[in-house]
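A.B. asks: Quick one: this structure, given as C-alpha cells, is what I'll be asking you about.
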Amino acid sequence: MKKWIFMLVAACMLLALCACGAKTAGNTEPQDSPEEDLGGQNPVMNFVGAYQSDRAHATVACSGTEDAQIVIEWADSASELAKWEIVGRLDPENLTISYSGCTKSILHYDGSGEVTSQEAEYEDGTGTIVFRENGSFTWHEDQSDRENDLVFEWAPVTEG
C-alpha cells in the first residue's frame, strides 16, 4: 500500500513539473529575456523541494514565473521555533538569490503542539542563498551571529 501511495505522489510531482515547464505551441521565435528562454518556467523550479541542515528545515517553492519563496525553520527547543520567510529572485547565471525584506518570527508551542504565540523579531532581513548543482544550497543571513553559513542538503521524500 505504501508503494502505491509513494508512486501516486511521485506521479503527481512529475505531472506538476511537466505542467510548470510546458511551452506554448507555435512560438518558434528566438527569445531575448531569460524568462522567455525558459518558456515562462520559473528558474527556481529546478530547486523546489525540502532541504535539511542539522535542526533546520527549509522548503523552496516557486511564485509566479520569477520569484522563489523559501521558508526556513529552526527548532530551538520543543516549545520554540524560529521561522524565516524569504522571497527573492534567482539569478540563473550564478544560481544565487540575494534577498531583502525577510521576516523572522519566533513561534512558541504548548505541550500539545499548538502555537501559543508568534512574535516578529524583524521584517527587514537580508542575505543570500546559493544553490549548487549537487542538490544543496548555502544560506547566509546578514543578521546572524553564527560564524558559518548553513548548508542545506536536499531531503528526498522517504517511505514511512
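A.B. asks: Find how much the distance from A50 to Y122 grows on full extension, using 0.36 nm per residue of separation minus their present alpha carbon separation; answer in nm with one decimal.
C.D. replies: Taking 0.36 nm per residue and subtracting the Cα distance, the gain is 23.5 nm.
A.B. asks: Please state the equivalent ellipsoid semi-axes for the range 64-150: what are the square roots of 5 times the Cα gyration tensor eigenvalues, largest first, in whole Å?
C.D. replies: Whole-Å semi-axes of the equivalent ellipsoid: 26, 14, 13.
A.B. asks: Suppose the chain between E153 and T59 were pulled fully straight at 0.36 nm per residue; how much longer would it get relative to their current alpha carbon spacing?
C.D. replies: 32.7 nm
A.B. asks: How high is the FRET efficiency between E114 and E85 when r is their beta carbon distance and R₀ equals 22 Å, given to the nearest 0.05?
C.D. replies: 0.60
A.B. asks: At S100 and D145, where each label point lies 7 Å from the Cα along Cα→Cβ, what is the point-to-point distance in nanometres?
C.D. replies: 2.6
Rule-based calculations on the coordinates, nothing more; no lab input. Given the structure is predicted, the values throughout are model-derived calculations rather than measurements. Ideal geometry is used to build each Cβ from the backbone, glycine not excepted, and the neighbour counts take in all protein chains shown.
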